[in-house]
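The values are calculated or read from the model by the stated rules, or taken from the named source; none is laboratory data. Being a predicted model, the structure only gives us computed values, none of them experimental. Backbone-built Cβ (ideal geometry, glycine too); neighbour counts: all protein chains shown.
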Amino acid sequence: MCTDILSEPRATAADGKLGAVSFLHRSEPLPMPKIVVIVMPKQELLDPQGKAVAGALSRLGKDHLHDVRVGKRFEITTDREVTAELMEEISQVADELLANGVIEDVISIDVLPDGTESAEDADEVDDVPAADTEASLASVTASEVQSNGSTK
């Protein structure tokens, strides 16, 4: 896949010349941060989907696997830099839109390392330092959100 990115013109209209526009050709698109939000049913509530999966596991002879809970995973790509303000915005979106606060909790909000397409890719690069972005702000647990009411 080839992506064209417009660069500065070589000459300006003030010069009285028409400026030629140059292009930077990239073999792949620029990586955009991907934010992963995990939502789970509240612990105190029954999880009918989890019970159904646990029953199916038992019928398959997998009795050592039990207490299954089924949740939701949202992957959100952004063209913005990961900042505290962006993470606060994602936290608000998670609370107001992605999770039904009556029956669900936002468990975590994480930023996948640059260049990874999924959590499986992120697991393969666990040793990637987060210092080059504000990824240290990216991991928010539900207890932090609930105790403070914010991600700061």
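Scanning region 36-84 for residues that are touching a helix residue (DSSP H, G or I) at 6+ places or on another chain (Cβ under 6 Å), touching a residue at least 40 places away in the same chain (Cβ under 8 Å) and not aliphatic (A, V, I, L, M) yields a single hit, 80.
Grab the strands (runs of 3 or more DSSP E) fully contained in region 1-77, keeping just those with 1 or more residues being at pLDDT below 80, surrounded by 10 or more Cβ atoms within 10 Å (Cβ to Cβ) and not polar (S, T, N, Q).
On the way: elements: 3-6, 23-26, 34-41, 72-77.
Because the criterion is at least 1 residues that are at pLDDT below 80, surrounded by 10 or more Cβ atoms within 10 Å (Cβ to Cβ) and not polar (S, T, N, Q), the strands (runs of 3 or more DSSP E) in region 1-77 that meet it are 3-6, 23-26.
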